[in-house]
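The structure appears below as structure tokens.
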2 protein chains.
Amino acid sequence: MGQEKRITMTDGAGGEKMMAFIRRFVLANFGGNAGEIPLGMLDDSAIIEGIAFTTDTYVVKPLFFPGGNIGSLAISGTVNDLAVMGATPVALSCALILSDGFPLEDLDKILRTMRDCASKAGVSVVTGDTKVVEKSALEGIFINTSGIGKRSQFLDGNIKAVRESRKFSYNWPNDSAVAAGDKIIVSGTVGDHGVALLSFREGYGFESKIKSDAQPLNHMIAKALEVGGITAMKDATRGGVANALNEWAEKSKTGIILEEDRIPYNEAVLTACEMLGIDPLEVGNEGKALIAVVPQLADDVLKALKSTKEGKKAAIIGEASKKCRGVAMRTSVGGLRVVEPPADDPVPRIC
Amino acid sequence: MGQEKRITMTDGAGGEKMMAFIRRFVLANFGGNAGEIPLGMLDDSAIIEGIAFTTDTYVVKPLFFPGGNIGSLAISGTVNDLAVMGATPVALSCALILSDGFPLEDLDKILRTMRDCASKAGVSVVTGDTKVVEKSALEGIFINTSGIGKRSQFLDGNIKAVRESRKFSYNWPNDSAVAAGDKIIVSGTVGDHGVALLSFREGYGFESKIKSDAQPLNHMIAKALEVGGITAMKDATRGGVANALNEWAEKSKTGIILEEDRIPYNEAVLTACEMLGIDPLEVGNEGKALIAVVPQLADDVLKALKSTKEGKKAAIIGEASKKCRGVAMRTSVGGLRVVEPPADDPVPRIC
């Protein structure tokens with residue numbers, strides 16, 4: 001294997017190449033660090049001393065797109081990374097990195113969106129930082145949000161319910177905790193954000209029908225946790241559903257079998273993906289959670305999800321299984337196809 | 001007052017203009033948010049639900065400089081923002097934003113420095129994010145670190161000691177808590193980081209004698225808190241000592257009088273500042289804390305600081321006083337000069 005000398009876009013694109021990069025550089029230095037859910041587990045948040053902690057930088061291009069802007073991503077993405085760990089988001093940071101000359105009107109719009117989105121999620125932005133650099137050093141604006149959360153009031157009950165149905169050694173849902181038999185739920189239509197962004201950016205003309213799904217999912221997830229039986233949750237951002245499920249399969253050492261017919265899509269997203277030759281399972285979402293649940297409680301969790309605005313199109317799309325390795329999908333015509341983890345994201349700079 | 005339409009470098013430079021920007025844009029949206037020490041108090045960290053939480057993005061140029069690199073800044077700066085609140089740093093995040101083609105050898109050096117610096121501080125990097133963008137969108141690398149901390153084991157005792165000497169309504173040291181009579185200590189020589197960086201960047205030739213002071217201060221600060229009597233602490237980064245003390249004066253509604261002769265400087269920093277026509281008090285430091293202490297305990301705190309490697313050149317440099325407004329300095333020749341908050345930082349992109 002040749003050791004590359006320079007970083008490339010694919011090293012940050014959320015697929016297999018990014019995982020290789022992270023192992024070689026990030027885990028090599030920080031992988032042994034502490035925590036109940038430490039960095040080495042590469043979950044959506046770390047858990048340390050009972051606190052969920054996560055970070056994301058948003059570099060989306062363009063800044064404004066159908067259904068949202070960089071501000072809604074910056075709040076939703078970080079809130080969701082906390083929520084899928086079973087944490088209740090408590091506070092966010094907001095670190096702005098701006099290029100000299102950035103229009104203040106745009107900044108104001110973005111910050112108002114962040115305020116509104118945080119208010120919807122019921123979380124406070126409590127600390128921040130602002131850096132301004134020369135135009136030659138940065139194009140536009142990047143936003144980093146980090147977030148802290150505390151153990152959800154429903155998490156003990158959720159774990160108890162899992163343990164009534166099978167052995168479960170974890171104290172938090174996580175990527176390594178899925179087991180054969182768990183049902184896999186997606187909380188709504190797949191691929192909207194990435195396709196909306198790509199279409200808008202490239203002028204493909206689907207943007208009237210396809211909007212980003214960027215939204216905070218913490219209230220929806222609280223409803224699901226209240227039911228109980230959840231073993232893992234993940235928001236399917238960079239690399240999409242294909243990447244998220246392959247991470248589960250690898251970390252949990254289980255196969256996952258999807259049923260193509262059960263995956264909810266917006267019709268326009270499917271049409272766009274067919275025309276553009278991209279796989280909607282590999283496209284990033286910004287307001288959809290994958291949820292693994294013990295089979296006994298899957299229907300109840302689904303019902304709870306469907307009772308919320310964010311989850312009304314939720315569906316059970318498959319299950320973890322010993323019958324395959326990695327992720328496989330039973331297609332509409334009856335065959336079984338492998339769902340590979342994408343090497344990189346087919347749509348760059350979507351978040 | 002004209003309302004500017006575009007952001008400028010000075011809006012992010014740590015001086016008075018940045019404060020105006022923050023009030024107009026950041027506080028307008030997030031200023032009412034919750035916390036024991038909320039965003040609105042603009043301290044070095046927020047305190048919410050007993051957790052100290054802070055964020056900073058590092059955009060220093062060049063990435064490698066005498067005495068450190070962007071990695072040592074990224075750890076030290078965030079550790080210090082937690083420590084000066086009286087918090088014990090628990091965990092850090094590391095969000096990398098890289099340009100396509102960034103040399104992996106440099107990245108590796110930076111990450112190793114981060115690892116070593118975090119290890120020195122006794123804090124874990126537990127969560128991270130990596131984004132790679134086109135060369136046209138970013139020059140090199142920016143790093144955001146956020147940090148969480150818990151209440152120092154010495155903080156209750158420290159606050160108790162303050163209350164034995166005067167009224168004190170806060171539960172944490174903070175920028176608004178300085179009162180007339182408090183002694184002002186600086187933990188070491190002033191101006192090293194900014195001058196080292198400027199000299200190296202511009203090739204002025206002082207770099208053999210002047211090194212960045214970037215270092216984590218949490219162990220030193222723990223020693224000082226153990227003594228007790230500390231009412232406020234602040235690391236004097238962008239805008240330097242002048243900016244930090246003016247923030248104290250404004251937020252605490254007290255004057256501060258400095259004694260020029262008592263301020264510790266590296267001789268080469270003074271020489272460089274004279275030649276370059278810049279005020280060392282306005283230059284950023286990355287490993288120096290300002291500490292306000294009730295007078296009864298100032299000598300003991302000073303002694304504790306001087307017993308540490310980081311604080312061996314600490315000095316009492318003045319006191320809070322009702323005799324002036326803002327910050328004034330008794331000069332070597334006996335006069336009193338106003339120490340203005342810098343409008344912006346004389347040395348851009350130092351952190």
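Where in region A:165-201 is the amide nitrogen less than 17 Å from a point lying 7 Å along the Cα-to-Cβ axis of B:E49?
The answer is A:172-173.
Please go through the residue pairs A:K131/A:K309; A:K211/A:K313; A:K167/A:K312; A:K109/B:K234; A:K209/A:K251; B:K209/B:K313 and name each one whose alpha carbons sit more than 26 Å apart in this structure.
Over 26 Å apart, Cα to Cα: A:K131/A:K309; A:K167/A:K312; A:K109/B:K234; A:K209/A:K251.
Taking R0 as 22 Å, what's the FRET efficiency between B:R262 and B:K160 from their Cβ-Cβ distance, rounded to 0.05?
Details: r = 29 Å, r/R0 = 1.31.
Given R0 = 22 Å and the Cβ-Cβ separation, E is 0.15.
Can you pull the mean other chain C-beta count within 10 Å for peptide A:83-90? Intermediate results must be reported in sequence, preceding the final value.
Details: counts 0, 0, 0, 0, 0, 0, 0, 6.
Mean shielding count: 1.
In terms of solvent-accessible area of protein heavy atoms at a 1.4 angstrom probe, what is the ranking of B:T88, A:T55, highest value first? It would help to have the intermediate numbers written out before the result.
Values: B:T88 55, A:T55 5 Å².
Of B:T88, A:T55, the descending order of accessible area is B:T88, A:T55.
Could you give P(r) for region A:125-261, binned at 5 Å from zero, as whole percent values over all Cα-Cα pairs?
2, 7, 14, 15, 17, 16, 11, 9, 6, 3, 1, 0
Taking amide H positions as placed 1.01 Å from N in the peptide plane, with prolines and chain starts having none, which residues 5 or more places from B:I317, or on another chain, fall under 5 Å of its amide H?
Residues meeting the criterion, in which the H sits 1.01 Å from N, are B:I184, B:I185, B:V186.
Ignoring ligands, DNA and RNA, what percent of the 1.4 Å accessible area of the protein assembly as shown is carbon and sulfur?
Values: 12570 of 25260 Å².
Answer for the protein assembly as shown is 50 percent, counting heavy atoms of protein chains only.
With every protein chain present, what accessible area does B:R238 have (1.4 Å probe, heavy atoms only), rounded to the nearest 10 Å²?
40 Å²
Mind putting a number on the dipole of chain A about its Cα centre? Charges go on the C-beta only, +1 for Lys and Arg and -1 for Asp and Glu, and I need it in Debye to the nearest 20.
Numbers: 40 positive and 44 negative charges, 148 e Å.
About 720 debye.
Estimate for me the total accessible surface buried between chains A and B (protein heavy atoms, probe 1.4 Å, no ligands or nucleic acids), in Å² to the nearest 100.
Details: alone 15900 and 15910 Å², together 25260 Å².
Buried: approximately 6600 Å² between B and A.
Across peptide A:19-28, what mean number of C-beta atoms from other chains lies inside 10 Å of a residue's C-beta? Working shown, then result.
Values: counts 0, 0, 5, 3, 0, 2, 8, 8, 1, 4.
Rounded to a whole number, the mean comes out at 3.
Per residue, how much accessible surface does chain B expose to a 1.4 Å probe? Answer in Å², no decimals.
Numbers: 12630 Å² over 351 residues.
Dividing the accessible area of chain B by its residue count gives 36 Å².
Charges at C-beta only: +1 for Lys and Arg, -1 for Asp and Glu. How large is the resulting dipole of region B:135-224 about its Cα centre, in Debye rounded to 20?
Working: 12 positive and 9 negative charges, 82 e Å.
Approximately 400 debye in magnitude.
Roughly how many whole Å is it from the C-alpha centroid of region A:310-350 to that of region A:167-228?
Going from one Cα centre to the other spans 13 Å.
Pick out which of B:G335, B:G194, B:G147 has the largest mean-square fluctuation in a Gaussian network model of chain B, springs linking Cα atoms closer than 10 Å.
Checking each option, the largest mean-square fluctuation is seen for B:G335.
Using a 1.4 Å probe on the protein heavy atoms only, what accessible surface does A:S307 show? Give it in Å² to the nearest 10.
For A:S307, solvent-accessible area is about 80 Å².
Compute the FRET efficiency between B:K109 and B:L276 as 1/(1 + (r/R0)^6), taking r as their Cβ-Cβ distance and R0 = 30 Å, and round to the nearest 0.05. Mind showing how you got there, number by number?
Working: r = 29 Å, r/R0 = 0.97.
So the FRET efficiency works out to roughly 0.55.
Can you work out the Karplus-derived ³J(HN,Hα) for every residue in region B:133-144? Use 6.51 cos²θ - 1.76 cosθ + 1.60 with θ = phi - 60°, whole Hz, and x for glycine or proline.
10, 4, 4, 5, 9, 7, 9, x, 8, 10, 10, 9
Which sequence of A:D116, B:D299 reflects their accessible areas, 1.4 Å probe, from the largest down?
Numbers: A:D116 85, B:D299 105 Å².
Solvent-accessible surface, decreasing: B:D299, A:D116.
Only helical DSSP H runs with n ≥ 4 go in: add -39500 (n - 2.57) per run for chain A, normalise by residue count and round the 222 nm mean residue ellipticity to 500 deg cm²/dmol. Numbers along the way, then the final one.
Details: 9 runs with 103 residues, N = 351.
Using -39500 (n - 2.57) per qualifying helix, the result is -9000 deg cm²/dmol.
Return the Rg/Rh ratio of the protein assembly as shown with Cα-based radii and a Kirkwood Rh.
Values: Rg = 25.9 Å, Rh = 25.9 Å.
Checking Rg against Rh, the ratio lands at 1.00.
Report the normalised scattering of chain B as log10 I(q)/I(0) at q = 0.11 Å⁻¹, calculated by the Debye formula with identical scatterers on the alpha carbons.
Each listed q corresponds, in turn, to -0.69.
Please compute the Kirkwood hydrodynamic radius of region B:183-289 from all pairs of different C-alpha atoms, in Å with one decimal.
Working: mean 1/r = 0.0689 Å⁻¹.
Its Kirkwood hydrodynamic radius stands at 14.5 Å.
Over chain A, what is the mean sequence separation of C-alpha contacts under 8 Å (at least six apart), divided by residue count, expressed as relative contact order in percent? Walk me through the intermediate numbers first.
Values: 829 pairs, mean separation 80.2, N = 351.
Worked out over chain A, it gives 23 percent.
Per residue of region B:53-68, what does 6.51 cos²θ - 1.76 cosθ + 1.60 with θ = phi - 60° give for ³J(HN,Hα)? Whole Hz please, x for Gly and Pro, Karplus curve as stated.
Coupling constants for region B:53-68: 9, 8, 8, 8, 9, 10, 10, 4, 9, x, 5, 10, 8, x, x, x Hz.
Amide H to amide H, which residues 5 or more places from A:G67 or on other chains are under 5 Å from it, using H placed in the peptide plane?
Under 5 Å from the amide H of A:G67: A:S212.
Can you list residues whose amide H is under 5 Å from B:V90's amide H, if they're 5+ apart or on another chain and H is modeled 1.01 Å from N?
Under 5 Å from the amide H of B:V90: B:I148, B:G149, B:K150.
Can you compute 3J(HN,Hα) from phi for each residue in region A:92-98, using the Karplus curve 6.51 cos²θ - 1.76 cosθ + 1.60 with θ = phi - 60°, rounded to whole Hz and x for Gly and Pro?
Taking θ as phi minus 60°, the curve returns 10, 9, 9, 10, 9, 10, 10 Hz for region A:92-98.
Keeping all protein chains in position, work out how much accessible area A:F200 exposes to a 1.4 Å probe, and write it in Å² to the nearest 10.
Approximately 80 Å² for this residue.
The values are calculated or read from the model by the stated rules, or taken from the named source; none is laboratory data. Everything quoted here is computed from the prediction, not taken from an experiment. Here Cβ is always computed from backbone atoms with ideal geometry, including for glycine, and neighbour counts include all displayed protein chains. The accessibility values were calculated without ligands, DNA or RNA, using every heavy atom of the protein model including side chains. Shrake-Rupley method; radii C 1.70, N 1.55, O 1.52, S 1.80 Å.
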